[in-house]
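Novice: Quick one: this structure, given as structure tokens, is what I'll be asking you about.
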Amino acid sequence: MATNIDDIIVLSLFFARGAGLRGTTRKIVVGQYLGFSGILVASVLVSLGAVTFLPESAIAYFGLIPLLLGLLTAWKVWRGDGDDDDRVADKTISALTVAGVTFANGGDNIGVYVPVFVTVGAGAVVAYCVVFLVLVMVLVLLAKFVATRRPIAEVLERWEHVLFPLVLIGLGVAILVEGGAFGL
């Protein structure tokens, strides 16, 4: 749970960005499951000694994904392309975007899961993965609940065009710095 608190904020912002648009919840659920499945696969592969396939040092560079998405979104806001005028094109949510942000934000998950997976048997790894995948839905529902509470929803709706890129940029920078990417 500790490795996913920041996901609640990011997912809540995705819900705010796609508020009122058809298919938003489905896209967020699919994206979250894709991204989290990627985290689990990476964790299992690293646990199995696949360091040559995915070196641990590469995990930090996943911070580039939310950083670049945040910068692109901020650029659109600055240019006026992201104004909150309820145009669908400006507020679309993609399952792949959610998946990319989820996976990029998963460096801390991988860092926690790998030591656990290395010390338990295959059956326990499967059990952990099943439990984590069930809890993904709990996480998404909690984020939707947070994003749909009237006072929170009003703040998110008013400020999501600023908060969304800032959170993504901050998340990307945090992942890069914590992972020591580029010698940071």
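The values are calculated or read from the model by the stated rules, or taken from the named source; none is laboratory data. In this text, all values refer to a predicted model and were calculated from it rather than measured experimentally. In this analysis, Cβ positions are derived from the backbone assuming ideal geometry, glycine residues included, and neighbour counts consider all displayed protein chains. These area figures cover heavy atoms from the full protein model, side chains too; ligands, DNA and RNA do not enter into them. Shrake-Rupley method; radii C 1.70, N 1.55, O 1.52, S 1.80 Å.
Novice: If I fit a long axis through the Cα atoms of helix 107-119 and take the longest principal axis of the Cα atoms of the chain, what angle between them do I get, 0 to 90°, rounded to 10?
Specialist: The helix 107-119 is inclined about 20 degrees to the chain.
Novice: What does the C-alpha gyration tensor say about the overall shape of the stretch 113-184? Classify as rounded when a/c is under 1.5, otherwise prolate if a/b is larger than b/c, or oblate.
Specialist: It is oblate, given that a/c is not under 1.5 and a/b is not larger than b/c.
Novice: Follow-up question, since we're still on this one. Where does the chain land at 222 nm, in deg cm²/dmol rounded to the nearest 500, when only DSSP H runs of n ≥ 4 count, each adding -39500 (n - 2.57), divided by all residues?
Specialist: Calculated from helices alone, the mean residue ellipticity at 222 nm is -25000 deg cm²/dmol.
Novice: Roughly how compact is the chain, stated as its Cα Rg over 2.2 N^0.38 Å to two decimals?
Specialist: It is 1.05.
Novice: How large a share of the accessible area of the chain, in percent, is made up of carbon and sulfur atoms when the probe is 1.4 Å and the other protein chains stay in place?
Specialist: Reported share for carbon and sulfur atoms: 70 percent.
Novice: Accessible area per residue of the chain at 1.4 Å probe, in Å²?
Specialist: So the chain comes to 53 Å² accessible per residue, rounded to a whole number.
Novice: Quote to one decimal, in nm, the extra length available between Val41 and Arg79 on full extension: 0.36 nm per residue of separation minus the C-alpha distance between them.
Specialist: So the extension gain works out to 9.8 nm.
Novice: Determine the gain in length on full extension of the stretch Val131-Leu21; use 0.36 nm per residue of separation and subtract their C-alpha separation, reporting nm with one decimal.
Specialist: Computed gain between Val131 and Leu21 is 36.6 nm.
Novice: Follow-up. Can you put Leu135, Leu156, Leu64 in order of accessible area, largest first, using a 1.4 Å probe?
Specialist: Leu135, Leu64, Leu156
Novice: When Lys and Arg each count +1 and Asp and Glu each count -1, what net charge do the other residues less than 12 Å away from Ile152, Cβ to Cβ, add up to?
Specialist: +1
Novice: While we're here: Could you compute the net charge surrounding Val167? Neighbours are other residues with a C-beta less than 10 Å from the C-beta of Val167; K and R count +1, D and E count -1.
Specialist: Within the 10 Å Cβ shell, the charges total -2.
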